[in-house]
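Novice: Dumping the structure here so I can ask a few things about it.
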Amino acid sequence: MSNRQTEGPVTGGPILRLTNISKNFGAVSALTDIDLEVKAGEVVALVGDNGAGKSTLIKVLAGVHQPTSGQIEFCGRPVSLDSPSRALELGIAPADVGADRVLRQAGQSRQPQPGAGARHRHGVPGSGAL
């Protein structure tokens, strides 16, 4: 049985809020004072140059790395995402590595479909882009 939090955010508030998130690796600052809010039903894309901190931010959200400073709130309550399993308990998982586990925990079944995910560009199967 899962401890997954099912309470929603305060009406109109974000489901996920990051405030002043920073992450340092020794003397290297990978993230500095990041603020982010995600509301119910939103689809969010994280875009930036190489070395901008996209992967580090996703790893903080997934519980792989802990922030050096800042606060993470889930449904209006401060949380510590101190492990990937804790993030998964809340339903937070990078789409490319944990979505199937989150769906299974939610009691849904998703069977892979033949050819699912295959993309064609200029007639070349599997090129990955449209």
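Read the figures in this text as sums done on the coordinates, not as results from a lab. Predicted, not measured: the structure shown is a model, and the values here were computed from it. We place every Cβ from the backbone using ideal geometry, glycine too, and count neighbours over all the protein chains shown.
Novice: With 10 angstrom as the radius, rank R77, R86, R17 by how many other C-beta atoms surround their C-beta, starting from the fewest.
Specialist: Ascending Cβ contact count within 10 Å gives the list R77, R86, R17.
Novice: Turning to a different aspect of this structure: Give me, ordered by chain and number, the residues 5 or more places off L16 or on other chains with an amide H under 5 Å from its own placed amide H.
Specialist: V38, C75
Novice: Give me the one-decimal Kirkwood hydrodynamic radius in Å for segment 16-105, with the sum taken over alpha-carbon pairs.
Specialist: 13.5
Novice: Another question about this same structure. Tell me which residues come under 5 Å, amide H to amide H, from N24 once H is placed; ignore anything under 5 positions away on its chain.
Specialist: Those lying under 5 Å, H to H, from N24 are A30, T68.
Novice: Further question on the same structure: Tell me which residues come under 5 Å, amide H to amide H, from A93 once H is placed; ignore anything under 5 positions away on its chain.
Specialist: Excluding prolines and chain starts, which carry no amide H, there are no hits.
Novice: Further question on the same structure: If you plug each phi of segment 51-64 into the Karplus form 6.51 cos²θ - 1.76 cosθ + 1.60 with θ = phi - 60°, what whole-Hz ³J(HN,Hα) values come out, in order, with x for Gly and Pro?
Specialist: Values, residue by residue: x, 7, x, 4, 5, 5, 4, 4, 5, 5, 5, 8, x, 6 Hz.
Novice: If you don't mind, there's one more thing I want to ask. What does a probe at A40 reach in segment 60-89, counting residues whose amide N is under 16 Å from the point 7 Å along Cα→Cβ?
Specialist: The answer is 74-77.
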